[in-house]
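Engineer: Mind looking over this structure? Questions follow.
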Amino acid sequence: MKITKNLGEFQRFIEDDSKTGACLEDTLGFFDIQRIFGQFESVKHSGIRATLILTTLLVMLFYRNRNIHSYFSRQYGKLTDRDGSKNPYYDLLGNENICWRSILYLFAKRYLSLSGRITDYSGKVRALIFEDSSTEKRGKKIEGVSKIHDHVTGRFILGYKILVCGYWDGGNFIPVDFSLHRERGGELDKARGKRNRARRKAKQAELAYREHREQHLEKRAILNSLRDELDSCSKKTTELEFEKQEKRVAHSKKKQSRLRGKMKHTQAILEEKEMLVSKKEKKAPLYGLTPAQQRKQFRKNRDKDSPGYMRRSEADMSKAQSVINMLTRAVKRGFVFDYVLFDSWFFSKEILARIESFRTKSIKLIAMIKMGKTLYRDCLSDREIDAAALRKQYRKKAKRNRKFNATYIMVPVRYDNRRVNLFFVKLGSRSKWKAFITNDLELGFNRLMETYHIRWSIEVLFYGKQKIMQSTVHMN
């Protein structure tokens, strides 16, 4: 028998923990949950209402039994004396027409609207913050699951990378967008890249050898012809031409020997790289799964216009491109912010260009950058220099900051022909130098540090998610 009554059916379960139950009741009413979930009623045409199912799924997160099976078998089914079917709940989670991103967005807008009535945050810094985290899974047959690197523990785990976009309104932080990603794994791709380069070189060497061999045979034929002429008539001109051609053939023979040696050398390298690829396919396959394991993963045909199809496509999208897409959606949905904040994993010239394309919004960027091989054009010397060399070049201009107990250097540069400032920062005396980039040319060091510290809000979100609530992520 299907349960189609309203939320009151869950009252007996919620009242099992009076404090949690009362708090949940007030919160659900405060958020006007019925209106938010009511926008998705059209995805179901019969049976239990989508609003009731979505509310149930939300309530589950606040109790010990956080999966559908245990919720019905141990709690809800016993307390209500009903044999409720779990299938509608699983079906809704797998419904490709449910846009989970829109649900999160509606919650965020409602929360910000309510908090704005309580406290006025106008005049304070507002920011959009990006961060990724690892979500561990157990089953290798789960759709799109892969081996991912957890940069917190340093381990490779089975699961997804979840990229979260959060909004800071000056006093509150709330997630507004997200995407799930899998990781291909770089070792096999690197090995295949080396093999492909070795294959091209071997092919070029073989082609060069064959072309020269044909030319060498032609020169030998000419030499034999001149030898026959010399035997029939001993002309001086024929003798001179014969000697010249003989030298040409000797030189060609030496070149042919070199080309043959180069061809064999490149073929040996190719064999070595092919063996390396074979080893990597066994030890470090794509996505950390064998081809057989990948074939056994769940697959589903989806409408190309559905949110589920988009979500699945995002799994193989680069996180940098996903950041650009989230940034664009945030602007279109009316979020107003002064800064975009993220660490070195996400910064790229494409993201900087996208941020500066919102000219009427006056959005600025603050990001940590890697001190790698990326070149910046020094505005003073007009030379392209990497970040580490820039820090050494301007180390005598370092300044002390008592407020943050830091040493810093500010260097004006151009990156991708865009005017930006680099800040090299060393906190305390034992820490390593870190580099920040911003296109806010009027931003001082104190304001830069105060603003970038807002990014720690998203770290608190992830910590709370891991310690308080079980991460339950579904790809529809």
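Engineer: If you look for lysine pairs in the stretch 144-217 that are eight or more places apart or on different chains, how many of them have Cα atoms under 21 Å apart?
Structural biologist: So the count works out to 5.
Engineer: Rounded to the nearest 20 debye, what is the charge dipole size of the chain about its Cα centre when +1 sits on each Lys and Arg Cβ and -1 on each Asp and Glu Cβ?
Structural biologist: It comes to approximately 1940 debye.
Engineer: Please list, in order along the stretch 336-345, the HN-Hα scalar couplings obtained from phi with the Karplus expression 6.51 cos²θ - 1.76 cosθ + 1.60 (θ = phi - 60°), rounded to whole Hz, x for Gly and Pro.
Structural biologist: 9, 8, 8, 10, 10, 10, 7, 8, 5, 5
Engineer: Arranged by the count of other C-beta atoms within 10 angstrom, fewest first, what order do Arg200, Arg455 take?
Structural biologist: Ascending number of Cβ neighbours within 10 Å: Arg200, Arg455.
Engineer: Tell me, what is a quarter of the convex hull surface for the C-alpha atoms of the chain, in nm² with one decimal?
Structural biologist: Its Cα hull, projected and averaged over all orientations, spans 36.0 nm².
Engineer: Quick one: which residues, 5 or more positions from Val176 or on another chain, have an amide H under 5 Å from its amide H? H modelled 1.01 Å from N in the peptide plane, none for Pro or chain starts.
Structural biologist: For Val176, the qualifying residues are Cys165, Gly166, Tyr167.
Engineer: Can you tell me which lysines have their Cα less than 18 Å from the Cα of Lys361? Leave out same-chain residues fewer than eight positions away.
Structural biologist: Counting by Cα, and skipping residues close in sequence, Lys361 has these lysines nearby: Lys124, Lys332.
Engineer: Right, here's the next one. Work out the FRET efficiency for Met317 and Gln204 from their Cβ-Cβ distance, taking R0 = 22 Å, and round it to the nearest 0.05.
Structural biologist: The formula returns an efficiency of 0.05 here.
Engineer: How big is the convex hull of the Cα atoms of the stretch 187-283, per residue, in Å³?
Structural biologist: 69
Engineer: Moving on to the next point. How do Thr290, Thr119 rank when sorted from fewest to most other Cβ atoms within 10 Å of their own Cβ?
Structural biologist: Starting with the residue having the fewest Cβ neighbours, the order is Thr119, Thr290.
Engineer: Using the charge dipole of the chain (Lys, Arg: +1 at Cβ; Asp, Glu: -1 at Cβ; taken about the Cα centre), state which of Phe358, Trp168, Leu427 has its Cα farthest towards the positive end.
Structural biologist: Farthest along the dipole direction, towards plus: Leu427.
Engineer: In the stretch 246-294, if every C-alpha pair distance is counted and binned at 5 Å from zero, what percent goes to each bin?
Structural biologist: 5, 19, 12, 12, 10, 8, 9, 7, 6, 5, 4, 2, 1
Engineer: Let me ask you something else. Post the alpha-carbon centroid distance, the stretch 305-327 to the stretch 390-404, in whole angstrom.
Structural biologist: Going from one Cα centre to the other spans 40 Å.
Every read-out reported here was derived from the displayed coordinates using simple, explicitly stated rules and does not represent laboratory data. Being a predicted model, the structure only gives us computed values, none of them experimental. Methodologically, a virtual Cβ is constructed for each residue, glycine included, from the backbone with ideal geometry; neighbour enumeration extends over all protein chains shown.
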